[in-house]
Structures are given as C-alpha cells and as structure tokens.
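Undergrad: Encoded as structure tokens, here's the structure I'll be asking about.
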Amino acid sequence: MRGQGVGRSEFRVGARYHTEQRLDDQKPITQNLNIPWEQIAQRYRGKGDSLRVREAKPRYGVKTHYVPQLPANLQLRDYQKQAIASWFEHRGRGTLKMATGSGKTIVALAIAAELYQQIELQVLFVICPSRHLVTQWERECQKFNLHPILAFENVQHWQSHLSRQLYNIRAATQPFLTLVTTNATLISEGLRSQLKFFPPKTLIVGDEAHNLGAQQVEAYLPRNIGLRLALSATPERYFDDSGTESLFNYFGAVLEPEFTLADAIEKQALVRYSYHPLLVELTQEESLRYAALTKRIGWALAEQETLEHSSTLTALLMKRSRLVGAAANKLHTLRHLMQGRRHTTHTLFYCGDGYVENCRQVEAVTRILGRELGYRVNTYTADTPVVERENLRQQFERGELQGLVAIRCLDEGVDIPAIQTAIILASTGNPRQFIQRRGRILRPHPDKKTATLFDMIVLPPELDRETWEVERNLLRKELVRFLAFAELADNAKEAKATLSQLQIRYQIS
C-alpha cells in the first residue's frame with residue numbers, strides 16, 4: 001500500500017527532479033580525478049598492499065595542518081573497511097546503511113583521509129539535519145586533525161570564513177577546508193551563493209541522509225560535486241518512494257554489505273539488551289477518537305493516496321500517532337514501573353510531543369518522577385540550549401541526574417552512550433524512528449555491559465469490521481518491527497510472549 005501511487009514513469013516526469021539535474025547525477029564527473037578505485041578497494045578488502053596510509057607529498061609554502069589524517073590509535077573494524085572498499089568500488093558514490101552506533105562518521109572521515117592521500121582532496125562538506133549533530137561532527141573531525149567551519153544560524157558568523165578559505169583553496173595557499181552545516185542552511189542564499197566555488201576535489205557527506213530526500217531540500221544538493229556519500233541507518237523515506245529514489249539517484253544506491261542491528265551486536269559495536277514490552281490500553285474517550293481517525297485513514301488509503309501526495313493522509317496519521325503517543329494510561333504504567341526503580345540511575349524517559357489532559361506529556365512525566373517519586377530528573381528537548389544540553393549530559397553521566405526526560409533526542413544522531421535504561425513512551429509508525437530510538441540506546445559505554453528497554457505499546461481498541469481490516473494492515477508492519485527487536489533480546493522468549501497478545505487480538509501470524 002505504501003507508495004503504490006507513484007510509478008516509475010510518473011517519477012520521470014514529476015516536478016521533484018528537473019531533467020537536467022537528473023542527468024547531472026548520472027554524469028561520471030569524477031573521471032578526471034585519476035583515482036585508482038579498484039586498487040584502493042582491494043587494499044581495504046585485504047587483497048592488496050597493506051592498509052598503511054602513504055604520506056602526502058608536501059607542497060612548498062603551504063601549511064599542512066588541518067588536513068584529514070587517521071588518528072594514530074584508530075583501528076578500523078572489518079565491517080568499516082568493507083564499507084570503504086564498497087564505496088571506492090562504486091567510484092565515489094553510495095549510501096552507507098549501517099546500524100545506529102556502528103561508526104558511520106568514522107567511515108566517512110576515513111574516506112576523506114584516503115582521498116586526501118590519493119588526490120589531495122580539498123574540501124569535506126558535511127550536511128546534518130540539526131545543530132547538535134553539527135557539534136558532534138565537530139568533535140569527530142577534530143580527532144581526524146580537522147578544524148571545521150560550522151555553518152548554521154547567523155550567516156555573519158561563518159560566511160566570511162567560508163568565502164576566505166574557498167579563495168585560499170583556489171589560490172593554493174590552503175590545502176584543505178572542512179565545512180559542516182545543516183539542512184536548513186544548505187537551502188539558504190548565504191550558502192547557496194558559495195556552492196559554485198567548491199572545487200572538483202570535494203567530498204559531500206549527507207548525514208541522516210533520509211532527510212535530504214525531501215523535495216524542498218534535495219533540489220539544492222550541489223550537482224557540481226561528484227564525490228558523494230550518504231549515511232543513514234534507515235535511508236528509505238517513510239511513505240515517500242519518489243523521495244527515496246531521488247536520494248539514491250543523487251548519492252548512489254545502498255552499498256553492500258549492509259550492517260544490521262544484529263551485526264552490530266555480534267561485533268560488539270552495540271551492547272546486548274533485554275526488552276520489556278508494556279501493553280497499554282486506551283481510555284474509552286481515546287478509543288472513540290482512535291476509531292474515527294482509523295476509519296478516515298482507511299478511506300484515504302482506499303483512494304490510493306500516499307503521504308507524498310496527500311496532506312490529508314499525512315495529517316490523519318500524525319494526529320493518530322499523537323493520540324497514541326500521549327495515551328493517558330502510559331502515565332499510570334510509568335508510575336507503577338518506577339515505584340520499584342527509585343534508586344536506579346542513567347535512565348532515559350522518551351516522551352511524545354502530545355498532551356495528556358491539557359498538559360504536555362514531557363511535563364506530566366517530569367512531575368510524576370520528580371515531585372511524586374523523588375527521582376532526580378531534568379528535561380532534555382530540542383528547545384534546550386546547546387550549552388545546557390552538554391551540562392545535562394555530563395550531570396547524567398556522573399549520576400548526579402538519575403534520568404533525562406526527552407523529546408525527539410534519539411531520532412537524529414544524539415549521542416548519550418551512558419544511557420543504561422530507557423523507558424519509551426513515544427509511539428511511532430515510522431520505521432526509521434523506531435529503529436533509531438531503540439538502536440541509539442545500545443551505544444557502548446565503559447560502565448555499560450547491557451541495556452534495558454521498556455517499550456510502551458498501545459493496544460488498539462475493538463473496531464468495526466471495516467476499520468478492523470485497515471488497522472490490521474497498519475499494525476502488521478509495526479508488529480514485525482517489535483518482534484524483530486524482541487528476537488535479538490537476551491530475554492527474547494519472554495518479550496515475544498508479551499507481544500503474542502497483539503498477534504492473537506488481531507489474528508496476525
């Protein structure tokens with residue numbers, strides 16, 4: 001049902017992709033860079049010369065600090081070497097689909113370091129969906145001897161630095177430039193006016209790249225840059241097949257082999273976990289609203305509407321998602337659970353952005369934990385200033401704060417590896433958000449051997465025959481994800497037994 005309204009011929013004539021842009025995406029504009037693609041790939045697969053990086057040739061009169069270099073203490077994992085080899089085999093294009101926490105950023109920076117040694121790469125251009133990811137990239141870049149320009153918010157803070165350094169690159173008085181920016185800044189005039197000055201020896205990296213498939217963003221991706229790498233644990237866009245196709249047309253297809261959550265746990269890139277689904281019933285009032293929304297969603301789907309073409313369907317799904325996310329009984333479940341866990345630490349409470357009895361869920365959760373149970377918590381949201389977020393993260397890591405009450409912080413790359421326990425109140429039908437929220441909790445930390453996840457899952461109410469079929473089809477896809485996550489847990493048998501109640505209720509095998 002998802003995306004069936006978009007055919008390939010419809011995509012070819014659609015407004016999303018101008019013909020000249022599409023043709024530019026297929027041009028081998030890296031052919032003049034003289035990169036020994038196959039030899040590099042063979043080396044990273046262990047079939048050629050050793051992986052020791054050659055020294056770059058010094059250039060007279062040019063300072064060589066702030067050029068990409070592998071950290072002396074870095075040992076690339078085997079799967080990271082395979083990813084690098086695959087990108088070179090595909091001649092500088094590709095989408096890296098690797099589980100959250102598996103080191104996609106390191107792979108991208110290692111590719112930049114290799115390109116600098118091979119062709120004296122001049123620019124690394126990284127695009128992120130949010131400010132906090134920009135600052136995380138800054139930290140990782142510094143480990144690779146880079147000092148990036150951070151381009152977001154006030155153009156006066158960065159545009160003159162960028163313009164000057166691009167001039168230095170063209171004048172051959174500066175060997176390398178690193179720019180890290182946001183999706184919002186990419187489409188701004190301040191950055192767009194500079195893109196034509198980027199040299200051919202530029203590598204563009206799209207982090208959390210699924211966001212770049214959105215129509216209002218992908219049209220601004222620079223076609224004059226040939227070396228392209230997309231990073232995402234979940235590159236396929238939700239209910240947007242043509243957006244996914246646009247993304248792959250620009251960056252290149254998903255590189256093999258993919259690196260799944262199971263692979264990451266097996267390779268100890270992520271920690272093992274126990275999984276505890278907590279089934280929650282809707283109230284009578286919520287059930288009536290849920291049934292009405294589901295019926296309207298069914299009508300929209302019957303007309304073969306898709307999210308990318310129907311603002312009505314999008315709004316209905318979001319409205320129902322918020323209803324489920326803010327279900328009142330989740331607060332009762334939380335209260336009961338935490339009464340026996342008052343002395344635990346390093347716990348994340350992941351909330352939805354809905355309201356419970358005219359109170360934001362994040363505020364209601366904070367009140368229950370702090371005032372009623374005496375749990376030391378603070379909120380951690382997109383509105384929290386960057387400096388304050390870092391202070392909260394450090395207090396949380398030291399155990400001064402027992403918990404963080406958060407909204408959306410797990411969706412796009414936030415690193416809080418000290419999380420040992422997560423209680424997920426937020427609900428989502430979006431597979432990308434599902435994978436990111438749960439996978440991010442499994443990041444390793446010196447004081448963490450395993451993680452514990454409590455996942456609040458709302459039981460849909462009894463529905464009439466027509467609406468029941470719609471709900472069954474929608475629920476089947478979500479249940480597959482829950483079961484897949486349960487399958488990898490240390491307590492898989494127990495977790496799957498709980499989920500079987502959903503299977504029985506909706507006759508889903």
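Undergrad: With the checklist (1) among the small types (G, A, S); (2) over 26 Å from D490 (Cα atoms); (3) at pLDDT below 95 in hand, flag the one item G439 doesn't pass.
TA: (2)
Undergrad: Okay, moving on. List every residue pair whose Cβ atoms sit under 9 Å apart, with the two residues 6 or more apart in sequence or on different chains, where the first one lies in segment 137-150 and is under 13 Å from I127 (Cβ atoms) and the second, anywhere, is surrounded by fewer than 18 Cβ atoms within 10 Å (Cβ to Cβ) and among the acidic types (D, E).
TA: From segment 137-150, the pairs are P148/E138; L150/E138.
Undergrad: Step by step: first the residues of segment 114-128, then only those that are in a strand (DSSP E or B) and β-branched (V, I, T), then the one that is farthest from the chain's Cα centre (by Cα). Which residue is that? So that I can check it myself, show each step before the final result.
TA: Keep residues of segment 114-128 that are in a strand (DSSP E or B), which gives 123-128.
If we keep only those that are β-branched (V, I, T) as well, we get 123, 126-127.
On the way: V123: 24, V126: 14, I127: 12 Å.
Across segment 114-128, the extreme among qualifying residues is V123.
Undergrad: Still on this structure, please answer the following. So P461 ticks every box in (1) assigned to a helix (DSSP H, G or I); (2) over 27 Å from the mean Cα position of the chain (by Cα) but one. Which box is left unticked?
TA: All conditions are met except number (1).
Undergrad: Of all residues in segment 442-460, count the ones that are out of contact with any Asp or Glu (no Cβ under 8 Å at 6 or more places or on another chain) and either at pLDDT below 85 or not small (G, A, S) (or both). First the steps, then the outcome.
TA: Going through segment 442-460, the residues out of contact with any Asp or Glu (no Cβ under 8 Å at 6 or more places or on another chain) turn out to be 442, 444-449, 451-457.
After this cut, where a residue has to be either at pLDDT below 85 or not small (G, A, S) (or both) as well, the list is 442, 444-449, 452-457.
The qualifying residues number 13.
Undergrad: Suppose we keep only residues that are hydroxyl-bearing (S, T, Y) and in a loop (DSSP other than H, G, I, E, B) within segment 129-185. Which one would you say is surrounded by the most Cβ atoms within 10 Å (Cβ to Cβ)?
TA: It comes out as S130.
Undergrad: Within segment 242-339, considering only helices (runs of 4 or more DSSP H) that don't extend past its boundaries, which have at least 2 residues that are under 21 Å from the mean Cα position of the chain (by Cα), under 20 Å from T467 (Cβ atoms) and in the same structural domain as I419 (by the TED database)?
TA: Values: elements: 261-266, 284-302, 311-325, 329-338.
So the answer is 311-325.
Undergrad: Any chance segment 191-211 includes a residue that's touching a Gly at 6+ places or on another chain (Cβ under 9 Å), assigned to a helix (DSSP H, G or I) and in contact (Cβ under 8 Å) with a residue 40 or more places away in the chain?
TA: Checked against the condition, which is being touching a Gly at 6+ places or on another chain (Cβ under 9 Å), assigned to a helix (DSSP H, G or I) and in contact (Cβ under 8 Å) with a residue 40 or more places away in the chain, segment 191-211 yields at least one hit.
Undergrad: Next question. Could you give me the residue pairs with C-beta distances under 6 Å whose first residue belongs to segment 405-431 and is closer than 26 Å to Q268 by Cβ and modelled with pLDDT under 90, whose second residue is in a loop (DSSP other than H, G, I, E, B) and among the acidic types (D, E) wherever it lies, and which are 6+ apart or on separate chains?
TA: If the second residue must be in a loop (DSSP other than H, G, I, E, B) and among the acidic types (D, E), the pairs left are E412/E208; G413/E208.
Undergrad: Does Q82 satisfy the condition of being surrounded by fewer than 22 Cβ atoms within 10 Å (Cβ to Cβ), within 30 Å of I441 (Cα to Cα) and of a type outside the set (S, T, Y)?
TA: Yes; evaluated as a whole, the condition is true for this residue.
Undergrad: Tell me which residues, restricted to segment 213-248, are of a type outside the set (S, T, N, Q) and over 25 Å from Q31 (Cα atoms). Before the answer, list the steps.
TA: First, pick out the residues of segment 213-248 that are of a type outside the set (S, T, N, Q): 213-214, 217-223, 225-231, 233, 235-241, 243, 245, 247-248.
Hits for segment 213-248 are G213, A214, V217, A233, P235, E236, R237, Y238, F239, D240, D241, G243.
Undergrad: Of the residues that make up segment 466-489, is at least one polar (S, T, N, Q), in the same structural domain as A326 (by the TED database), surrounded by fewer than 19 Cβ atoms within 10 Å (Cβ to Cβ) and part of a helix (DSSP H, G or I)?
TA: Going residue by residue through segment 466-489, those that are polar (S, T, N, Q) are 467, 473.
Now narrow it down to the ones that are in the same structural domain as A326 (by the TED database): 467, 473.
Restricting the remaining residues to those that are surrounded by fewer than 19 Cβ atoms within 10 Å (Cβ to Cβ) gives 473.
Pick out the ones that are also part of a helix (DSSP H, G or I) and you get 473.
Yes: segment 466-489 contains one or more residues that are polar (S, T, N, Q), in the same structural domain as A326 (by the TED database), surrounded by fewer than 19 Cβ atoms within 10 Å (Cβ to Cβ) and part of a helix (DSSP H, G or I).
Undergrad: Where the second residue is of a type in the set (D, E, K, R) and part of a helix (DSSP H, G or I) and the first is touching a residue at least 12 places away in the same chain (Cβ under 8 Å) and lies in segment 385-399, which pairs have Cβ atoms under 8 Å and are six or more apart or on separate chains?
TA: Sorted first by the residue in segment 385-399, then by its partner, the pairs are V386/R131.
Undergrad: What are the residues in segment 363-388 that are modelled with pLDDT under 90 and touching a Ser or Thr at 6+ places or on another chain (Cβ under 9 Å), if any?
TA: Within segment 363-388, A382, V386 meet the criteria.
Undergrad: Residue by residue through segment 460-491, note down the ones that are closer than 21 Å to I435 by Cα and either touching a Cys at 6+ places or on another chain (Cβ under 7 Å) or without any contact (Cβ under 8 Å) to a residue 24 or more places away in the chain (or both).
TA: Scanning segment 460-491 gives V480, L483, A484, E487.
Undergrad: Right, something else. Just checking, how many residues over segment 482-507 are of a type in the set (D, E, K, R) and within 21 Å of I297 (Cα to Cα)? Before the answer, list the steps.
TA: Initially, segment 482-507 is screened for residues of a type in the set (D, E, K, R), giving 487, 490, 493-494, 496, 505.
The next check asks that each one be within 21 Å of I297 (Cα to Cα); those that pass are 505.
Total satisfying the criteria: 1.
Undergrad: Which residue pairs have Cβ atoms closer than 7 Å, lie 6 or more positions apart in sequence or on different chains, and pair a first residue in segment 216-240 that is assigned by the TED database to the domain that holds S193 and under 22 Å from T260 (Cβ atoms) with a second residue that is among the β-branched types (V, I, T) and in a loop (DSSP other than H, G, I, E, B)?
TA: Taking only residues 6 or more apart or on different chains, the pairs are A233/T100.
Undergrad: Looking only at residues in segment 54-113 that are at positive phi and either within 21 Å of the chain's Cα centre (by Cα) or in a helix (DSSP H, G or I) (or both), which one is modelled with the lowest pLDDT? Step through it out loud before you land on a result.
TA: First pass over segment 54-113, keeping only residues at positive phi: 61, 66, 91-92, 94, 101, 103.
Now restrict to residues that are either within 21 Å of the chain's Cα centre (by Cα) or in a helix (DSSP H, G or I) (or both): 94, 101, 103.
Values: G94: 96, G101: 77, G103: 88.
Checked segment 54-113; the qualifying residue modelled with the lowest pLDDT is G101.
Undergrad: Just name the residue that is farthest from A497 (Cα to Cα) out of those in segment 445-465 that are surrounded by fewer than 18 Cβ atoms within 10 Å (Cβ to Cβ) and charged (D, E, K, R).
TA: Step by step, filter segment 445-465, then rank; the result is D447.
Undergrad: Looking at this structure, is V365 within 27 Å of H332 (Cβ to Cβ) and either in contact (Cβ under 8 Å) with a residue 60 or more places away in the chain or in the same structural domain as T135 (by the TED database) (or both)?
TA: Considered against the rule, which asks whether it is within 27 Å of H332 (Cβ to Cβ) and either in contact (Cβ under 8 Å) with a residue 60 or more places away in the chain or in the same structural domain as T135 (by the TED database) (or both), V365 comes out as yes.
The values are calculated or read from the model by the stated rules, or taken from the named source; none is laboratory data. All values derive from a computational prediction rather than experimental measurement. When we count neighbours, we look across all protein chains shown, and the Cβ atoms used for this are built from the backbone with ideal geometry, even at glycine.
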